[in-house]
Amino acid sequence: MPTVINTNLASLFAQNSLNNAQNNLAQSVQRLSSGLRINSAKDDAAGLSIAQNMQSQINGTNQSVQNLNNATNLLQVADNSLATIQDMLLKLKQLATQGYDGSLSNIQRQAIVTQMQDLNDEINKTAARTQFNQINLLSSGSTVDTNNSSIEADKDMVFTVTSISTGGLLQSGTLNAATLGGGSGTYTTTLSNSFTNKLAGQAFILSSSGANLTLTGTIDGNATSQTVVVNNFVGAGSSTSSLQSQTLDFSDFGVKVGLQISVTGTGTITGTTIASTFASSAIKTLTVNGSTSTVSDVRLSGMGPGTYAISSSMTSGTVTMTGTINGNTVAQTLTLGTFAANTTTTLDFSSFGAQFDIKTYAVAASAGQIANALSQSLYSGTNVTGSFVVSKGANSDLQFQSGPASDSFINIYTVNVQTATSGAYAGAASQMTTLGTRITSTTSGNLGGLTANDDVADWQAAFQRAAAAADNAIDYISTQRATYGSQMNRLSYVSTNLREQSTNLQNSRSAIIDTDFASETAKLTRGQIMQQAATAMLAQANQMPNVVLALLK
């Protein structure tokens, strides 16, 4: 190596070694302080990708275990209620057998039937209140059929009425032919639903300046003004009249004015003329009357599936709901009072288990108007009838993800073990509904229709049929419990397998991403020594050019 002073190669070598030693030492300190071998993508790009993919599988697997725990708890809730129902069925079988005792009087047999009917009611109520996170497990429940009901939540009962006139409530009008300078014109005003109640009970003024037409008023307490330009209408031919259209969109108010003007010959009706016509004293005011009322909420409490008629009398201000409950026609009439503006009133049809909340907006409504609107919002007249349709909720097919893959699912089916054939406690299984019929029905051959005056043979035959129905119901409930039990066992095995998968995945991910402290501390020690050595050698290298001074003496 030549002796030079401009380039100190030994110093450069020492500097590089020192930089490398410091980088390695810094990396070891970072890994030891964070506990991670990969702290950024540059540490191990491929390893990071693999580790993150594993983390995705681990997260999905762990959440699936939680899902299956919820599924197991859900099944346990259902099984516990089924066990209670089964106990009541066993008691029903015992009572039906007791009723076949020839030593009993008919009065005593009637007492047995009363107890059986109470147990039957409790079976239905137990099924109805068995829920998990508001999911019916042993009953189908009921919901408003919004496709077929004329009454549902958030539905305006009276359409919005708008006017551009000083009198009347008109949604359309005629433009004066003489004012237009020939030809004829009409206009139609529409209002967006979202602005119905913002503009309700207020008046808005139209003014013009040339072809500019301006609408001014207050929305939500804020003064608002919007200007649109009215285009000219130009005739299409010398001897014909042409009908032309134009829409004036006051979007800030949700108001659209549709113009249709017939222009004669080649004449022109200017936008200025049309704007001044609208701003004239005859038709310069836009008055908006909001929805009379809205059904803001509908609540059901034990209301059975079916179609219920709601009729009204505008003259008397009454509304009547009519329907069938347990085979009997039931009617309930409510007399309505005056509905004040900006209030909510609840109509409670307690006989059916239905409540309607009526929200009245800026324009106060009479009892007759509300009654008429509630019964059928699209009709007008003094007496109209609408439909309120309640549908039976289907048994739920509940799916629980059972693994990290998006298509891994386990299905759990809820059941309906109620015993009525109609109404709020309508069942779905024939084994259960047959039992309910044998106990409660008043038709011939069933316990509900027998009296103290009936023959012993009739009583015994009815008890015998009830006992057979109880046996079938007990077998049905046993089958359902066996199904739920096998599903719980299955879920237990799946959960165990998923936990083991999660453990193995975390072990593999740890090998990729976590710091090996034994190895890394050795690297740290080596790095510290190399840093000290490189620092010492750099100091020595920086002194080496001093030898040149000896040559210059």
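Every condition in (1) at pLDDT below 65; (2) on the phi > 0 side of the Ramachandran plot; (3) not β-branched (V, I, T) is met by S163 except one, and the failing one is (2). For the range 25-63, filtering for residues that are buried (at least 18 other Cβ atoms within 10 Å of the Cβ) and in contact with a strand residue (DSSP E or B) (Cβ under 7 Å, 6 or more places away or on another chain) leaves 1. Considering only residues in the range 371-408 that are surrounded by fewer than 14 Cβ atoms within 10 Å (Cβ to Cβ) and within 20 Å of V494 (Cβ to Cβ), the one that is modelled with the highest pLDDT turns out to be Q399. Please work out if S495 is under 34 Å from the mean Cα position of the chain (by Cα) and small (G, A, S). Yes.
Evaluate the range 519-540: report whether one residue or more is surrounded by 12 or more Cβ atoms within 10 Å (Cβ to Cβ) and within 48 Å of the chain's Cα centre (by Cα). For the range 519-540, residues surrounded by 12 or more Cβ atoms within 10 Å (Cβ to Cβ) and within 48 Å of the chain's Cα centre (by Cα): absent.
Got a sec? Which of G210, G173, G168, G183 is at pLDDT 70 or above and not hydroxyl-bearing (S, T, Y)? Exactly one of G210, G173, G168, G183 is at pLDDT 70 or above and not hydroxyl-bearing (S, T, Y), namely G210. Whether any residue in the range 247-269 is surrounded by fewer than 20 Cβ atoms within 10 Å (Cβ to Cβ), at pLDDT below 85 and in contact with a helix residue (DSSP H, G or I) (Cβ under 6 Å, 6 or more places away or on another chain) is what I want to check. Within the range 247-269, one or more residues are surrounded by fewer than 20 Cβ atoms within 10 Å (Cβ to Cβ), at pLDDT below 85 and in contact with a helix residue (DSSP H, G or I) (Cβ under 6 Å, 6 or more places away or on another chain). Scanning the range 477-497 for any residue that is modelled with pLDDT of 90 or more, closer than 21 Å to D118 by Cβ and buried (at least 19 other Cβ atoms within 10 Å of the Cβ) turns up at least one such residue. Restricting attention to the range 345-370 and to residues that are touching a Gly at 6+ places or on another chain (Cβ under 9 Å) and modelled with pLDDT under 75, the residue that is surrounded by the most Cβ atoms within 10 Å (Cβ to Cβ) turns out to be I370.
Could you please find all residues in the range 110-132 being β-branched (V, I, T), assigned to a helix (DSSP H, G or I) and crowded, with 16+ Cβ neighbours inside 10 Å? Answer for the range 110-132, where residues must be β-branched (V, I, T), assigned to a helix (DSSP H, G or I) and crowded, with 16+ Cβ neighbours inside 10 Å: I112, V113, I123, T126. Scanning the range 19-41 for residues that are without any contact (Cβ under 8 Å) to a residue 24 or more places away in the chain and of a type outside the set (S, T, N, Q) returns A26, A41. Here is a check on your reading of the model: is G427 modelled with pLDDT under 90 and at positive phi? So G427 fails the test. If I filter the range 328-344 down to residues being under 14 Å from S313 (Cβ atoms) and hydroxyl-bearing (S, T, Y), which single residue comes out as surrounded by the fewest Cβ atoms within 10 Å (Cβ to Cβ)? Of everything passing the filter in the range 328-344, T335 is surrounded by the fewest Cβ atoms within 10 Å (Cβ to Cβ). Taken together, the criteria exclude N53 from residues that are assigned to a helix (DSSP H, G or I), closer than 17 Å to A541 by Cβ and at pLDDT 85 or above.
The values are calculated or read from the model by the stated rules, or taken from the named source; none is laboratory data. These numbers were taken from a predicted model, which means no experiment stands behind them. Don't worry about glycine lacking a Cβ; one is built from the backbone with ideal geometry, like all the others, and counts go over all protein chains shown.
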